[in-house]
Amino acid sequence: MALYIVGISVLASSLDEILALLAGISLGTVGFYVVLGTDLTTGGSLADIWKYGLAPPMTVLVLYVIASKTMRPWWSVLALTGLAGASVLLNYRSHALICVLAAVVVLCRGRRGPMSRVRTAAALAVAGLAFSLVVTSLGANGTLGSKLQEKVELQATAHVSPLLAGRTEPPLSLTAIAARPLLGWGNADQIDSTTFAAARRFASELGFARSYPIEYLWRLPNGSVSLHSIILGSWAEGGVLAVLFPVWLLFAAMLLASGPLEAGRWMPLVITVGFQAAWDLAFSPWSYNLAAVCAIVACLAVRLTIHRRRVRVSAPPHSSSRPSPRRPARPHAPTPVEPAYTGRHRLLEESQ
């Protein structure tokens, strides 16, 4: 990660150059998944390739092209809406949610009079709740396909929130962290059976039904333990020191997702990258090129922060609200007015 950050800092000295590197990384990622792929995408359906490979880099490329051609944010909002619809149909709800939230922030921050961050946060909460209710309702009745219907029905048996039902690993991660908070386990596969039993009880306390196969979801097909979170996994495996940088990356990602006006025409792309990075740090494991993307997020956050501070320093100081006392102006002596001469005055002067 450090090598990525140093390399990007050397190659790119401006916001345009950093985002051009991000577009190049995304293009390479798309090429990799189309030509080679991984076990999750090779020989799979379009939904598998989209979910496990193409969705985030394709989103970056689309928004980069739009921002390169026009400064109007409405085109980016339309693109994000279309990508969200495609992800819902292809059974990738988390990416659809990211696109919806990014579109909301672009609408709130990209207009002439930017909405305050408090109102933007309220709009995000409403949009997220509406998205969850609509997608869950349409998925349950089979409108969005049989695969999504099966997943929604299975998660409904957990009797917990859709977010926790979709990502079942936090009870195990938090229990493993509580068992060894300072140094961690070294490797997730070293977590013992006692911790697994405690995690199962913790999951039941959170609301998971005892009949829900949660322990089956905590393991990969090869038998390895899956914590499925960069932040929680780093803490559980490496201890406190290992989680410090991922936590800082999460704050950097949230800075990008908040809609920094300093990004200019690149703001829709920056917002989307911020939301995607925040989601990956909280709910995804390390995957292909994710380290390079996180390095881009770090460089973007630093660059925008430096630009914001420079603007504040160069801005003229604000005048005091109390007016400074001024001496009243001295009254000027009236200026003598010369008489207007007429022809009669000239005759009198000549006669004298």
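Computed quantities for the displayed model
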{"quantity": "Cα-based convex hull volume of the chain per residue, rounded to whole Å³", "calculated": "263"}
{"quantity": "Mean separation of Cα contacts under 8 Å, 6 or more apart, over the residue count of the chain: relative contact order %", "calculated": "19"}
{"quantity": "With every protein chain in place, the chain: carbon and sulfur % of accessible area (1.4 Å)", "calculated": "63"}
{"quantity": "For region 71-170, average projected area of the Cα convex hull in nm²", "calculated": "7.2"}
{"quantity": "Distance in nm between pseudo-label sites at Arg72 and Glu215 (7 Å out along the Cβ direction from Cα)", "calculated": "5.9"}
{"quantity": "Förster radius 30 Å - calculated FRET efficiency between Val35 and Val65, Cβ distance, rounded to 0.05", "calculated": "0.90"}
{"quantity": "Added length on full extension, which subtracts the Cα-Cα distance from 0.36 nm per residue, Ser193 to Ser258", "calculated": "19.3 nm"}
{"quantity": "Gain on full stretching of the segment that runs from Ser224 to Arg308 - 0.36 nm per residue minus C-alpha separation", "calculated": "25.8 nm"}
{"quantity": "Estimated D of region 26-79 in µm² per second, where Rh is the Kirkwood radius over Cα pairs and Stokes-Einstein applies at 37 °C, 0.692 mPa s", "calculated": "273"}
{"quantity": "Top of Ser76, Ser137, Ser258 by mean-square fluctuation, Gaussian network on the chain, Cα under 10 Å", "calculated": "Ser137"}
{"quantity": "The chain: most fluctuating residue of Val100, Val302, Val152 per GNM, C-alpha cutoff 10 Å", "calculated": "Val302"}
{"quantity": "Residues Val240 and Lys147, FRET efficiency given R0 of 51 Å [Cβ-Cβ distance, rounded to 0.05]", "calculated": "0.80"}
{"quantity": "Region 1-160: radius of gyration over Cα atoms, expressed as a fraction of 2.2 N^0.38 Å", "calculated": "1.19"}
{"quantity": "Surface per residue (accessible, 1.4 Å probe) for the chain, Å²", "calculated": "58"}
{"quantity": "Inter-probe distance in nm under a simple model that places probes 7 Å from Cα toward Cβ, at Trp286 and Phe251", "calculated": "2.3"}
{"quantity": "GNM top mover of Pro213, Pro246, Pro73 - the chain, alpha-carbon springs below 10 Å", "calculated": "Pro213"}
{"quantity": "C-alpha center-to-center spacing [region 125-158, region 259-292] in angstrom", "calculated": "25"}
{"quantity": "Pairwise centroid distance, computed over Cα atoms, of region 165-240 with region 1-37, Å", "calculated": "32"}
{"quantity": "Separation of the Leu138 and Leu163 label points, Cα + 7 Å toward Cβ, nm", "calculated": "2.2"}
{"quantity": "Long-range HN-HN contacts of Arg219 with modeled amide H, under 5 Å", "calculated": "Ser226"}
{"quantity": "Percent RCO, i.e. relative contact order, over region 45-156, from Cα pairs under 8 Å lying at least 6 residues apart", "calculated": "20"}
{"quantity": "Kirkwood hydrodynamic radius of region 64-123, Cα pairs, Å", "calculated": "12.2"}
{"quantity": "The chain, helix-only ellipticity at 222 nm - DSSP H runs n ≥ 4, -39,500 (n - 2.57), divided by all residues, nearest 500", "calculated": "-21000 deg cm²/dmol"}
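The values are calculated or read from the model by the stated rules, or taken from the named source; none is laboratory data. Keep in mind that what you see is a predicted model, and the values were worked out from it rather than measured. Methodologically, a virtual Cβ is constructed for each residue, glycine included, from the backbone with ideal geometry; neighbour enumeration extends over all protein chains shown. The area values use the complete protein model at the heavy-atom level, side chains included, leaving out ligands, DNA and RNA. Shrake-Rupley method; radii C 1.70, N 1.55, O 1.52, S 1.80 Å.
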